[in-house]
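Structure first, commentary second.
The values are calculated or read from the model by the stated rules, or taken from the named source; none is laboratory data. Just so you know, these numbers come straight off a predicted model, no measurement behind them. Neighbour counts are summed over all protein chains in view; Cβ atoms, including those assigned to glycine, are modelled from backbone coordinates with ideal geometry. Surface areas here come from the heavy atoms of the whole protein model, side chains and all, with no ligands, DNA or RNA. Shrake-Rupley method; radii C 1.70, N 1.55, O 1.52, S 1.80 Å.
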Amino acid sequence: NADSSMYMAKEGGRNKVFIYSNEMQEKRVATMELANQLHNALNKGEFVLHYQPIMDLKNEVITGLEALIRWQHPQKGLISPVEFIPIAENTGLIHQINLWVLKTACLQKKQWDANSPYPLKLSINFSCKSFEYPDLADEIQKILDQTQTNPAEIQLEITETTFLKNIELGTEIIKKLREKGISIALDDFGTGYSSLTYLINLPIDVVKLDRDFIKYIGERTENEIIVKAVVQLAQALGIKVVAEGIESKEQLYFLKSIGCDECQGYYFSKPYPPYVIEEQIKILSS
Ligand code: C2E
Ligand code: MG
Ligand code: MG
Ligand code: MG
């Protein structure tokens, strides 16, 4: 194929042939380019945070906000975290990014809390690579001190799939954080492997049901049965349940009917930059 470059690699006595098409090659180059630019993005102040309201299902009022990072690229525009967080995880940049997000969101929270009827809980996605740093709990404490943030109003979201690597150290850090009053949420529940094992063994406060579970509510009875069972199981274990990706009234009613604790999704609000969220908070808190 004249359009492809071919590479031969000898591995374990076997010949393996990899064929990279031009398209794959271009994708690799683009990824490398992003990786190089990502290095300076933090210093250049190119990251921005959007926030999505988290709603209490019983009273349908806002209880908190999830911070969601975006990269305001000078040429490419707003880049989704799905595109650059995996790169940051592979290059080790993720730890700095995680800490930056925490600090920035804590400062933002202070402004909102000054104007809202009650303090709003802040949810931060913390890539599990950070849980390989033994000093993580101290680093987080330092940021909370600097920004005068109440640890009881902070929730860290972790995903089970990336937690597999160093489960002992990770669990130890989680315990330290919980002793400080910080909540831990297991994000994207149901998408990885051995989910139930994690639910039972990790010392967590909250589980977030992935949108993949939620989106077929009202369409597939099987999904409704699973969601109901998971909510009951988690609550029996003393774990609060947040449903992700609520887009319809049917989904809302179903989740209310089974006693799910909280939810977030486009039905209530998309993630928005701070100046829009300020208005959303006013609407959703009364
Ligand atoms: P996540 O933590 O599970 O975040 C939920 C994602 O679902 C967000 O995508 C959100 O915009 C989207 N979403 C919320 N409600 C709905 C809905 O009703 N319908 C649909 N279709 N989507 C909905 P986003 O912002 O693109 O973030 C994607 C992922 O990137 C996050 O998944 C999280 O794993 C990661 N991420 C985002 N921000 C950060 C960050 O600050 N640090 C780290 N380490 N990871 C982050
Ligand atoms: Mg999350
Ligand atoms: Mg999630
Ligand atoms: Mg997700």
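Tabulated data for the structure shown
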quantity	calculated
Scope the range 241-286; condition more than 14 Å from E66 (Cβ to Cβ), within 16 Å of ligand 1 (Cβ to nearest atom) and of a type in the set (K, R); matching residues	K249
K256 open to solvent by 20 Å² or more (accessible area, probe 1.4 Å), touching a residue at least 60 places away in the same chain (Cβ under 8 Å) and not aromatic (F, W, Y)	yes
Residues of the range 227-249 that turn out to be over 17 Å from D187 (Cα atoms), open to solvent by 60 Å² or more (accessible area, probe 1.4 Å) and either polar (S, T, N, Q) or part of a helix (DSSP H, G or I) (or both), as a count	4
Those residues of the range 75-119 which are in contact (Cβ under 8 Å) with a residue 60 or more places away in the chain and within 16 Å of ligand 2 (Cβ to nearest atom), in sequence order	E89
Some residue of the range 200-213 being acidic (D, E) and away from ligand 4 (no atom under 16 Å from the Cβ)	yes
Residue in the range 149-158 that is part of a loop (DSSP other than H, G, I, E, B), surrounded by 19 or more Cβ atoms within 10 Å (Cβ to Cβ) and either more than 16 Å from ligand 4 (Cβ to nearest atom) or modelled with pLDDT under 95 (or both) present	yes
Flag for T159 being of a type outside the set (A, V, I, L, M, F, W, C), out of contact with any Lys or Arg (no Cβ under 7 Å at 6 or more places or on another chain) and over 30 Å from Y118 (Cβ atoms)	no
Residues within the range 115-148 that are in a helix (DSSP H, G or I) and hydrophobic (A, V, I, L, M, F, W, C), tallied	7
Hits in the range 159-187 - residues which are among the acidic types (D, E), surrounded by fewer than 19 Cβ atoms within 10 Å (Cβ to Cβ) and modelled with pLDDT under 90	E168
Residue within the range 205-223 that is open to solvent by less than 70 Å² (accessible area, probe 1.4 Å) and more than 19 Å from I246 (Cβ to Cβ) present	yes
Subset of the range 191-246 that is closer than 22 Å to G170 by Cα, more than 16 Å from the chain's Cα centre (by Cα) and β-branched (V, I, T) - its residue that is modelled with the lowest pLDDT	T197
Near pairs, Cβ below 7 angstrom, 6+ apart or cross-chain, from the range 131-160 (at negative phi) to any residue that is hydrophobic (A, V, I, L, M, F, W, C) and open to solvent by 20 Å² or more (accessible area, probe 1.4 Å)	F131/L169; E132/L169; P134/L169; E139/L99; I143/L99; T147/L107
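Results for (1) open to solvent by less than 40 Å² (accessible area, probe 1.4 Å); (2) of a type outside the set (A, V, I, L, M); (3) over 20 Å from V276 (Cβ atoms), shown as yes or no for each residue.
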| position | (1), (2), (3) |
| --- | --- |
| K58 | no, yes, yes |
| I62 | yes, no, no |
| I69 | yes, no, no |
| G77 | yes, yes, no |
| S80 | no, yes, no |
| F84 | yes, yes, yes |
| I87 | yes, no, yes |
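Conditions (1) hydroxyl-bearing (S, T, Y); (2) touching a helix residue (DSSP H, G or I) at 6+ places or on another chain (Cβ under 9 Å); (3) in a helix (DSSP H, G or I), marked per residue:
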{"position": "L49", "(1), (2), (3)": "no, yes, no"}
{"position": "T63", "(1), (2), (3)": "yes, no, no"}
{"position": "V82", "(1), (2), (3)": "no, no, yes"}
{"position": "D113", "(1), (2), (3)": "no, yes, yes"}
